[in-house]
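Enquirer: Got a structure here, written out as structure tokens. Questions coming.
The values are calculated or read from the model by the stated rules, or taken from the named source; none is laboratory data. Since we're looking at a predicted model, the values are computed, not measured. Cβ placement follows ideal geometry from the backbone for every residue including glycine, while neighbour counts extend to all protein chains displayed. In case anyone asks, the SASA skips ligands and DNA or RNA and just uses the protein heavy atoms, side chains included. Shrake-Rupley method; radii C 1.70, N 1.55, O 1.52, S 1.80 Å.
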Amino acid sequence: MNNKIEEIYNGQFKSKKKTFFRYLNKIASSKKKLMVKGELIEILQRLENKSKPNNGNGQSTSKIKSNNFEEIEGVVNKFTESFVLGPSVYFEARESIGVAEHYHFNTKTMTGEKISPLTFLSAKEKVRNTNGAVQNQDILTLNFQTFYEKFPKIRESKSIGRGVEYLNRYLSSHMFTNPYKLSRALFDFLFVHKHDQEQLIVNDRIHNVGKLSIAIDKATTLLNKKDTDTPFTEIKNELQELGFEPGLGNTAGRILEMLRMLESLLAHPDHHTLKEFLSRIPMIYNIVVISPHGYFGQDNVLGKPDTGGQVVYILDQVKALEKEISESLELAGLKTQHKIIILTRLIPNAENTHCNQRLEKVNDT
């Protein structure tokens, strides 16, 4: 990408450079200082349409312009956003998923350069201030380095958006190549699950991975003698004596499935089994949804400033979440209270809405 852009603004073809900076001047002169991909393409298209001749003269010139716009369009299609600071125009370009490049152009000197992401973001911070100045105390800096020091790094774009699958593959692979370390980690993981001081999954009758394997054998022998629909409450005491607590399932059949998956993970792990096993472990009981958007309420809010489908979407989402959590906890054999809270703005002058109430129950939940 760098070579294509540099060829345009710093190459030997002056007509191409001139056309490109005409495009940049259009962006710089716009009232809108922040633009995204669609707007950037639209400006180029309008400029190209104006440049087309209205008569039959100048065909060779028209052909050159057409070629120029074609090459510039190939570059602009890679731009994802831009912002303007005086005569300077900044761009972010994405050649491929997860790979971004940043550029700065000066429309007065007709020069350009590739810049670092930090330089790009620092300049972008200034856009919100009319005088172009930003105070140090206003800068929010988030350092995510700590999160990546002990975790695997995604190196292929095809893995982006499939992080859970990637981690499951990574963990199961390491469980296979380093079985003792990862099996121990899985064993420790089972012990951390508690709810309201109640121990879940396994108890202290199981001291190590070896004991866990023995306990699984005994439990599967027990469960194979039971009807698959036998409720957990009827076999709870027997399972507790073997070292297993609530959280594995609500019936003998479901608990048996979980123990077989756990046995498989300890013997010959694979990412499909790991994904299925982890998805059944009860880990989420409370959710906070933060939505400070507009007038958030259930009655008489549509049409209010900054209020639209967002409110309806969140209300539908929390109802679906409540149903999902209830079902998953029930299938895990737990009868626990769970809570979903929507945290939003309290509006004193709420007119005929309930947006001035500190607490409000979501209907049909």
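Enquirer: I'd like to know if segment 329-346 contains one or more residues that are touching an Asp or Glu at 6+ places or on another chain (Cβ under 6 Å) and among the β-branched types (Val, Ile, Thr).
Expert: Yes, segment 329-346 contains at least one residue that is touching an Asp or Glu at 6+ places or on another chain (Cβ under 6 Å) and among the β-branched types (Val, Ile, Thr).
Enquirer: Looking at segment 185-222, which of the residues that are farther than 17 Å from Gly333 by Cα and among the small types (Gly, Ala, Ser) is surrounded by the most Cβ atoms within 10 Å (Cβ to Cβ)?
Expert: Ala215
Enquirer: Taking only pairs six or more apart or across chains, which ones have beta-carbon atoms under 8 Å, a first residue in segment 155-179 that is under 19 Å from Glu263 (Cα atoms) and among the charged types (D, E, K, R), and a second residue that is part of a helix (DSSP H, G or I) and open to solvent by less than 70 Å² (accessible area, probe 1.4 Å)?
Expert: From segment 155-179, the pairs are Arg169/His271.
Enquirer: Moving to a separate point now. Report, by residue number, each residue of segment 190-233 that is aromatic (Phe, Trp, Tyr) and either under 13 Å from Leu262 (Cβ atoms) or without any contact (Cβ under 8 Å) to a residue 24 or more places away in the chain (or both). Walk me through how you get there before you give the answer.
Expert: Going through segment 190-233, the residues aromatic (Phe, Trp, Tyr) turn out to be 191, 232.
Across segment 190-233, the qualifying residue is only Phe191.
Enquirer: Okay, next question. Could you tell me which numbered condition His354 fails, if it satisfies all but one of (1) open to solvent by 60 Å² or more (accessible area, probe 1.4 Å); (2) modelled with pLDDT under 90; (3) within 30 Å of Lys218 (Cα to Cα); (4) in a loop (DSSP other than H, G, I, E, B)?
Expert: (3)
Enquirer: With the structure loaded, tell me whether Arg169 is surrounded by 12 or more Cβ atoms within 10 Å (Cβ to Cβ) and either out of contact with any helix residue (DSSP H, G or I) (no Cβ under 6 Å at 6 or more places or on another chain) or closer than 18 Å to Pro282 by Cα (or both) or whether it fails that test.
Expert: no
Enquirer: Restricting attention to segment 305-328, does a residue exist that is aliphatic (A, V, I, L, M) and either under 24 Å from Ala219 (Cβ atoms) or in contact with a helix residue (DSSP H, G or I) (Cβ under 6 Å, 6 or more places away or on another chain) (or both)?
Expert: For segment 305-328, residues aliphatic (A, V, I, L, M) and either under 24 Å from Ala219 (Cβ atoms) or in contact with a helix residue (DSSP H, G or I) (Cβ under 6 Å, 6 or more places away or on another chain) (or both): absent.
Enquirer: If you scan segment 322-340, which residues turn out to be without any contact (Cβ under 8 Å) to a residue 24 or more places away in the chain and within 22 Å of Ser291 (Cβ to Cβ)?
Expert: Correct list: Lys323, Glu324, Ser326.
Enquirer: Exactly one condition in (1) open to solvent by 100 Å² or more (accessible area, probe 1.4 Å); (2) at pLDDT below 85 is not met by Asp229; state its number.
Expert: Against the list (1) open to solvent by 100 Å² or more (accessible area, probe 1.4 Å); (2) at pLDDT below 85, Asp229 comes up short only on (2).
Enquirer: Please tell me if Ile235 is modelled with pLDDT of 90 or more, crowded, with 18+ Cβ neighbours inside 10 Å and not in a loop (DSSP other than H, G, I, E, B). Steps first, please.
Expert: Numbers: modelled with pLDDT of 90 or more: yes; crowded, with 18+ Cβ neighbours inside 10 Å: yes; not in a loop (DSSP other than H, G, I, E, B): yes.
Yes.
Enquirer: For segment 95-140, give me each residue that is at pLDDT below 75 and touching a strand residue (DSSP E or B) at 6+ places or on another chain (Cβ under 7 Å).
Expert: Within segment 95-140, Gly132 is the sole residue that qualifies.
Enquirer: Failed condition for Ile325, given (1) open to solvent by 40 Å² or more (accessible area, probe 1.4 Å); (2) under 22 Å from the mean Cα position of the chain (by Cα), with all others met?
Expert: For Ile325, the failing item is (1).
Enquirer: Within segment 238-293, can you find the residues that are open to solvent by less than 20 Å² (accessible area, probe 1.4 Å), touching a Phe, Trp or Tyr at 6+ places or on another chain (Cβ under 9 Å), more than 20 Å from Lys211 (Cβ to Cβ) and in a helix (DSSP H, G or I)?
Expert: Passing the criteria: only Ala252.
Enquirer: Moving to a separate point now. Lys335 is checked against (1) of a type in the set (Lys, Arg); (2) open to solvent by 80 Å² or more (accessible area, probe 1.4 Å); (3) at pLDDT 90 or above and fails just one. What number does that condition carry?
Expert: Evaluating Lys335 over (1) of a type in the set (Lys, Arg); (2) open to solvent by 80 Å² or more (accessible area, probe 1.4 Å); (3) at pLDDT 90 or above leaves (3) as the failure.
Enquirer: Here is a further query. Gln298 - would you say it is polar (S, T, N, Q) and touching a helix residue (DSSP H, G or I) at 6+ places or on another chain (Cβ under 8 Å)?
Expert: Against the criterion (polar (S, T, N, Q) and touching a helix residue (DSSP H, G or I) at 6+ places or on another chain (Cβ under 8 Å)), Gln298 qualifies.
Per-residue answers, yes or no, for (1) out of contact with any Gly (no Cβ under 6 Å at 6 or more places or on another chain); (2) of a type in the set (Val, Ile, Thr); (3) free of Cβ contacts under 8 Å to residues at least 60 places away in the same chain:
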{"site": "Ile235", "(1), (2), (3)": "yes, yes, yes"}
{"site": "Gly247", "(1), (2), (3)": "yes, no, no"}
{"site": "Ile255", "(1), (2), (3)": "no, yes, no"}
{"site": "Leu266", "(1), (2), (3)": "yes, no, no"}
{"site": "Asp270", "(1), (2), (3)": "yes, no, no"}
{"site": "Lys275", "(1), (2), (3)": "yes, no, no"}
{"site": "Ile284", "(1), (2), (3)": "yes, yes, yes"}
{"site": "Ile290", "(1), (2), (3)": "yes, yes, yes"}
